[in-house]
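> Below: one structure in structure tokens.
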């Protein structure tokens, strides 16, 4: 029989933990419950350490560095403070009209030797340029030229990680994918999306979102 932590993280192999896990760490189940996410999305959010990115924007951001996810047996845990920060992220409440939404996973290494990027997805440790490149390249879209001038939103589990306005679309020379050149200083797109959550729309990783009906 495989020895695992109990559901309340208080015992291992049926025996009380010698040093209990701190109460200020929460498991994937609570992240799912409080944020209304599936297990897969909750896990991706924890692994990306997006909560640590939010903490870095707080007034007391000069606090000592801390871990934002740990593995305990077969479970993932994150600081309760990080979950509290995530629950306070507001829903985008302005209808921006049609927009492109690309859905990122947690940061991974590029698996294509010809790809100059080092990373895909999102992780709080990525630089601003690494985040931009991972969000804007390369996506399966058709007829994207008609979307130039529309907002572009990259998200992870519905949490916006990059927003702006599409200025140009570039087609890959050998594959049927495109990259986007984004104005990340566009006031309208930032007002609608920056620091917000959007719905987790049904569909694949690259979506064209139509405006809500009025």
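Since every read-out is calculated from the coordinates, none of them should be taken as a lab result. Please read all numbers here as calculations on a predicted model, not as lab measurements. Glycine gets a Cβ as well: all are built from the backbone with ideal geometry, and neighbour counts include every protein chain shown.
> Please state, as a whole number in µm²/s, the translational diffusion coefficient that the Stokes-Einstein equation yields for segment 61-150 at 4 °C and 1.567 mPa s, with Rh defined as the Kirkwood radius across alpha carbon pairs.
Once the numbers are plugged in, D ends up at 78 µm²/s.
> Then there's this: Less than 14 Å from a label point 7 Å out along the Cα-to-Cβ axis of residue 194: which backbone N atoms in segment 166-186 qualify, by residue?
Taking a point 7 Å out along Cα→Cβ of residue 194, the residues of segment 166-186 whose backbone N falls under 14 Å are 183-186.
> Hey, what did the chain get for relative contact order, percent, Cα under 8 Å, at least 6 apart? It would help to have the intermediate numbers written out before the result.
On the way: 362 pairs, mean separation 41.3, N = 214.
This gives 19 percent for the chain.
> Separate question: How would 142, 208, 67 line up from fewest to most surrounding beta-carbon atoms within 10 angstrom?
So the ranking, lowest neighbour count to highest, is 142, 67, 208.
> Continuing with this model, one more query. Would you please put 180-186, 105-111, 50-56 in order of how densely packed they are, using the mean number of other Cβ atoms within 10 angstrom per residue and starting with the highest?
Highest to lowest by the protection proxy: 50-56, 180-186, 105-111.
> In deg cm²/dmol, rounded to 500, what helix-only [θ] at 222 nm does the chain give when every DSSP H run of at least 4 residues adds -39500 (n - 2.57) and the total is split over its residues?
Helices in the chain give a 222 nm mean residue ellipticity of -6000 deg cm²/dmol.
> Using the Kirkwood radius built from alpha carbon pairs, what does the Stokes-Einstein equation give as D for segment 142-213 at 10 °C and 1.306 mPa s, in µm² per second?
Here the translational diffusion coefficient equals 121 µm²/s.
> Sorting 78, 32 on the 10 Å Cβ count, fewest up front, what's the list?
Least crowded to most crowded, the residues run 32, 78.
> Stretch residue 30-residue 125 to full length: gain in nm at 0.36 nm per residue minus the Cα-Cα span?
31.8 nm
> As a test, work out the antiparallel percent of DSSP beta bridges whose residues both lie in segment 99-209, rounded to the nearest 5. Kindly include the intermediate steps, with their values, before the conclusion.
Details: 20 of 25 bridges.
Of those bridges, close to 80 percent are antiparallel.
> Moving on to the next point. What percentages make up the Cα-Cα pair-distance distribution of segment 112-171 when the bins are 5 Å wide from 0?
That works out to 4, 16, 26, 26, 18, 10, 1, in percent per bin.
> Turning to a different aspect of this structure: Assuming a ≥ b ≥ c are the square roots of the Cα gyration tensor eigenvalues, decide whether segment 11-87 counts as rounded (a/c under 1.5), prolate (otherwise, with a/b larger than b/c) or oblate.
Oblate.
> For a quick size check, give me the Cα extents of the chain along its three principal axes, largest first, whole Å.
62, 41, 36
> Report the label-to-label distance for residue 181 and residue 206 in nanometres (one decimal), using points 7 Å from each Cα along the Cα→Cβ vector.
Going from the residue 181 label point to the residue 206 one covers 1.9 nm.
> Percent antiparallel among DSSP beta bridges with both residues in the chain, to the nearest 5?
Once the DSSP bridges in the chain are tallied, antiparallel ones form about 85 percent.
> While we're looking at this one, here's another question. Kindly state, to the nearest 0.05, the FRET efficiency for residue 146 paired with residue 67, given R0 = 30 Å and r defined as their beta-carbon distance.
Once rounded, the FRET efficiency stands at 0.10.
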